[in-house]
1. Could you give the Stokes-Einstein D for the stretch 131-268 in µm² per second, using the C-alpha Kirkwood radius, 37 °C, 0.692 mPa s?
2. Please work out the Cα center distance from the stretch 73-131 to the stretch 178-235, rounded to the nearest Å.
3. Could you tell me how many degrees, from 0 to 90 and to the nearest 10, lie between the Cα long axis of helix 23-44 and the main elongation axis, the longest principal axis, of the Cα atoms of the chain?
4. Running a GNM on the chain with Cα contacts under 10 Å, which residue among 146, 95, 43 ends up with the highest mean-square fluctuation?
5. Counting Lys +1, Arg +1, Asp -1, Glu -1, what net charge surrounds residue 70 among other residues with beta carbon under 15 Å of its beta carbon?
6. Please work out the FRET efficiency for the pair residue 40 and residue 127, using the Cβ-Cβ distance as r and a Förster radius of 30 Å; give the result to the nearest 0.05.
7. Placing +1 on the Cβ of each Lys and Arg and -1 on the Cβ of each Asp and Glu in the chain, which of 101, 225, 151 has its Cα farthest towards the positive end of the resulting dipole?
8. If R0 is 30 Å, what FRET efficiency do you get for residue 241 and residue 85 from their C-beta distance, rounded to 0.05?
Amino acid sequence: MTQPPAVTSPYNTGMLSNDAPRERGRLESIQRSVDTFTTNILESLPIQANWNCLELGAGAGSIAYWLATRCPDGRVVAVDVDTRHLDAGRATNLEIHEADITRQDYTPGTFDLIHARYLFCHLPDRDEMVARAAGWLSPGGWLFIEEPYDLPAATSPFPLIQRILTAYQHTYRRNGADMTWARRLPALLARNALTEVAFDGNLGRMGGLEKDRWRPLIDRAAPDLLASGLITDADLTEFTELLKDPAFIDIPQMTISAWGRRPSDTLASSTSADSTCK
Ligand SMILES: C[S@@+](CC[C@H](N)C(=O)[O-])C[C@H]1O[C@@H](n2cnc3c(N)ncnc32)[C@H](O)[C@@H]1O
C-alpha cells in the first residue's frame, strides 16, 4: 500500500514533517483538546456495529481507534501520508494505509462513514478532494470534515499574541495551508449532493485553564516562526511567561465541523462493499 513519496504536503519534508521530534506531542495535544467535541458529533450519527469507516489523515489515531471500538463487526481504514504514529495492533478491525490521500483512490460506494480533521486545510485542490471523498460513500453514508478557521490575529487583546498569531498564520499560508477554507464546508457538502448537512463550531482556547494545546503548536512551529522574521526569541520567552498568567486567555482559532449524508438511493455507479485501492 506504500506509495511514492508525496509532494503535496508540508507533512513530507516541510514545516510539519513527522521527522520533527515534537510532532508526536503536537498530534497528542490536538487529540486531547478536541477529541471530545469530535466524538460527541460522531455519537449523534447513527453509527452501526458493522460500518466500514475511513479516517483520512489519521495522525496519532485516536478517532480511528474510537471508531474501531464502535464498529466491532465492521472495519476502519486509517490512512495517513506518514503512519509512524499509528498502531495497527490496537484493534483487529483496524487497517493502516500509508498513502498520500490526494493520490489514493477507493472503490466508489465503499464507506458508511468518512471522517477527516485538520487535513483538508493542508491539501491542494481541497474542493476536488471533498468531491472524491463523497464518491467513496456508500448509500446513506456520512462525510464528516473538521477544519480550523483562524480568527484575525490583529483582534487579539494581547499585543504579543497578535505578533505570534500573525507569524503563525503567515507561516502556515507560506506552507500551502488555508486556515479559512473551513467556512466553505457546509456549502461544499451540499454541492456534492449530500443531504442532512449540519455543522458546529468549537472555539479554541489559548491560556486560561488550557495549559498545553497551543504550547506544543507554537513550540513545533518555532523555527519557522523565527525564520519569518515576524517574531523574536524574546517573544517566545514572553509567551512562556504569559501562559503562566491566570489572567491570560484568548481565542486564537476555531474549528468548523460539518457533516452530510449521501442519499440512500443514489448509488448508480458503485460496485461492492470492498475498499480495494485502485
Ligand atoms: C494536523 S494532523 C491531524 C491528525 C488527526 N486528524 C487529528 O486531528 O488528530 C494532519 C495529519 O494529516 C496527515 N496528512 C497531511 N497531508 C496528507 C496527505 N496528503 N495524505 C494523507 N495524510 C496527510 C499528516 O501526516 C497528519 O497526520
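Nothing in this text is a laboratory measurement; each read-out follows from the coordinates by a stated rule. Fair warning: this is a prediction, and the values are worked out from it, not measured in the lab. As a convention, Cβ positions derive from the backbone with ideal geometry for all residues, glycine included, and neighbour counts pool all protein chains shown.
1. Working: Rh = 16.8 Å.
Diffusion coefficient, whole number: 195 µm²/s.
2. About 20 Å separates the Cα centre of the stretch 73-131 from the one of the stretch 178-235.
3. Tilt of helix 23-44: around 50 degrees.
4. It is 43.
5. Cβ neighbours under 15 Å give a net charge of -3.
6. Efficiency computed from Cβ-Cβ geometry: 0.65.
7. So the residue furthest toward the plus end is 151.
8. Numbers: r = 31 Å, r/R0 = 1.03.
Here the calculated transfer efficiency is 0.45.
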